[in-house]
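A.B. asks: Following this message is one structure expressed as structure tokens.
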Amino acid sequence: MKTMATRALAALAILALSESAAAGDGPPPPRKQRVTFAEGASSATIDGALKGDADVDYVVRAAAGQTLELKLQGTNSQNDFNVLPPGSNDVAMFVSSMTGAQSWSGMLPAHGDYTIRVYLMRSAARRKERADYTLTVGISGQAAGHGRTGDAKVPGTPYHATGEVPCVLGSGQPKGSCRFGVVRTSAGSGTVTVTKPDGRTRSIFFEKGRATGYDMSQADPGEFSARKQGDTSLISIGQERYEIPDAVISGG
């Protein structure tokens, strides 16, 4: 009996070591650093460094309706950054490696902590390359309320309105309907999140009644363009097409 117990304990110890080794195989979690501004300042410049897959998360608190401005300057051309909205661990609203841009400015759709994840592209990280960089973070503009006065949320959702909009999700496909939800930050500004039939989502950002961009959390689908036809925004994102009436974002 004692021998069987000893063997069982040994087996458990081996299993625990195996699980520990497996857990250590992946990259380390990003190091987190809170961004603060000096008294009276609306921006901060941070000098940093990273090596390999040791990503760094810079966390800054901002409000819906404000504009976040970022600029990354580094010694390694493979040094990039993502912008993650509040509550997100991986899904980004901007990915610099997809655009090649080392700066970004956008009106924020929600109140909370935004994360600027600074990292090396996978090929450079695998080679254990190093990057020394300077990150400039700025916040400007006035905070909006949680929507217009009297603009209530749809019960059980974070949205001020839900419904369906016309959509085409690929070349040669017929026009159909996609469900949407909208979070309004101010008159004509906010985020329209469209849900595709397969459950994936596409968030489209509006400022003052104009579509200005989209989330880049998925593989880059292609070029973004938007134009107005009467009271409807016609939006193209690669082969995707969306028709979003002004009433969706304005609430009229």
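Read the figures in this text as sums done on the coordinates, not as results from a lab. Keep in mind that this is a model prediction, so the values were computed, not measured. Glycine also receives a Cβ, built like all others from the backbone with ideal geometry; neighbour counts cover every protein chain displayed.
A.B. asks: Under 12 Å Cα to Cα from Lys196, which aspartates and glutamates show up? Leave out anything in the same chain fewer than 8 places away.
C.D. replies: Within the straight-line cut-off, Lys196 pairs with Glu164, Glu240.
A.B. asks: Need the full-extension length gain, Ala41 to Val91, defined as separation in residues times 0.36 nm minus the C-alpha distance. One decimal, nm.
C.D. replies: Taking Ala41 through Val91 to full extension adds about 15.1 nm, to one decimal.
A.B. asks: Let me ask something else about it. So which aspartates and glutamates pass the test for Lys228, namely a Cα distance under 13 Å, with those fewer than 8 places away in the same chain ruled out?
C.D. replies: Glu243, Asp246
A.B. asks: State the Cα centre-to-centre distance between segment 171-211 and segment 114-140 in whole Å.
C.D. replies: 29
A.B. asks: Please find the FRET efficiency linking Gln33 to Thr212, where r is the Cβ-Cβ separation and R0 is fixed at 30 Å, and quote it to the nearest 0.05.
C.D. replies: 0.55
A.B. asks: What's the extension gain from Gln229 to Ser171 if we count 0.36 nm per residue and subtract their Cα-Cα distance?
C.D. replies: Result for the pair: 18.8 nm of gain on full extension.
A.B. asks: Using a 7 Å offset from the Cα along the Cα-to-Cβ direction at both Asp132 and Ala49, what is the distance between the two label points in nm, to one decimal?
C.D. replies: 0.7
A.B. asks: Specify whether the C-alpha gyration tensor of segment 161-250 places it in the rounded, prolate or oblate class, a ≥ b ≥ c being the square roots of the eigenvalues: rounded for a/c under 1.5, otherwise prolate if a/b is larger than b/c and oblate if not.
C.D. replies: rounded
A.B. asks: Give me the lysines in straight-line cross-link reach of Lys51: C-alpha distance below 29 Å, same-chain residues under 8 apart excluded.
C.D. replies: Lys32, Lys71, Lys128
A.B. asks: For segment 88-132, which trypsin sites (Lys or Arg not before Pro) are both in a DSSP coil and crowded by at most 15 other Cβ atoms within 10 Å? Please report the intermediate quantities before stating the final value.
C.D. replies: Numbers: sites: Arg117, Arg122, Arg126, Arg127, Lys128, Arg130; in loops: Arg127, Lys128.
Sites meeting the loop and neighbour criteria: Arg127, Lys128.
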